[in-house]
Amino acid sequence: MRPARSLLLVPGNLLEALDDEGTRAADAVILDLAATVPDSEKPRARKMAAERIAREPGRRWFLRVNPIAAAVLADDLDAAMRGTVEGIVVPQLKSAEEVRRLDRAMAAAESERGLAAGKVGLILELDSARAVFFAHELAAAAPRIVSLAFNGSEHGDLATDLGAAWSIDGPELMYARQYALVAARAAGIGCPLDGYFANVEDADGLMRDTEVSRRLGYRGRVVIDPRQIEPVNRVYSPTREEIEYHRRVLETLEAAIAGGRASVTLDGKMIDYAHAETARAVLAQARELGVVP
């Protein structure tokens, strides 16, 4: 999955929110057909989502479908499997076998529509104790899985399932948040995603929480308000100082290797091959995001 710092979640039946020019700064848009849409509105939301996606092919689109057990999932998949979305987001997963069944259904739809196998990716939401516990098994269930999205929002499903409180400092869900990240990285996922920050009026809280998220290793998160896009994009982007430092790491280590050494000191700290790998990863991310000065 290409880097995605901000993924704007919009109810599929309330797409006028996308008319706000500020929403275009989001790296991707998730049109929700599930929890934010009343049952009576789901057919309309599906139709509106398909029309909007067709009208704006330049955006990165994802569809958040209803849970695998839902009767309307087949209709959601029919809307999604047209080759016009980058992927689908799936909530309330219970097992890797569910993911494999979904993968087979998606593969059949791709074949029927003449799409390349695996064209439509999968983002799996981790929104329950069970989903977090089996996160690595879920992530490894199918090659089309491009990311895991940890959903630890205030008063959300995961906190309710755990019986946990929630605070801005986050110790209540920290183990689950770290475990989900480890599972994603162990499965080879390059852009693990964090969930949304629920209080859209708390700009300081959003920044603090996103900074923690980035330090843990997450590379993007779901946002639910256009005001959250810019600060989230900024936090998940390498800074000018970081980019310059990692360039110096590579230059310094390359010079050391040319002189017969595989480690050297830079700014009072030892650097070696591992630091070079980190530097290359940061610089590659910066290039992909277009933030290289």
*Report relative contact order for the range 25-155 in percent, whole number only (criteria: Cα-Cα under 8 Å, sequence separation at least 6).*
20 percent
_Proximal lysines relative to LYS47, as straight alpha-carbon distance under 30 Å, when same-chain residues fewer than 8 apart are discounted_ = LYS94, LYS119
_Among ARG113, ARG59, ARG24, which one shows the highest mean-square fluctuation when the chain is modelled as a Gaussian network with alpha-carbon springs under 10 Å?_
ARG113
*Computed from the mean reciprocal separation of all distinct C-alpha pairs, what Kirkwood hydrodynamic radius does the chain have, in Å?*
20.2 Å
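Order of TYR218, TYR175 from fewest to most other C-beta atoms within 10 Å? Mind showing how you got there, number by number?
On the way: TYR218 23, TYR175 11.
Ascending number of Cβ neighbours within 10 Å: TYR175, TYR218.
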*Roughly how many nanometres apart are two label points built 7 Å out from the Cα toward the Cβ at ARG2 and TYR179?*
3.5 nm
*Among PHE134, PHE150, PHE197, rank each residue by its count of other Cβ atoms within 10 Å, from fewest to most, as a rough exposure measure.*
PHE134, PHE197, PHE150
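Going through the range 160-252, which GluC sites (Glu not before Pro) have at most 16 other Cβ atoms within 10 Å and a DSSP loop state? Before the final figure, lay out the partial values.
Numbers: sites: GLU172, GLU201, GLU211, GLU241, GLU242, GLU244, GLU251; in loops: GLU201.
Counting only loop positions with at most 16 other Cβ atoms within 10 Å, the GluC sites (Glu not before Pro) in the range 160-252 are GLU201.
Since every read-out is calculated from the coordinates, none of them should be taken as a lab result. Remember, predicted model here, so these are calculated numbers, not experimental data. Virtual Cβ from ideal backbone geometry, glycine too; neighbours counted across all protein chains shown.
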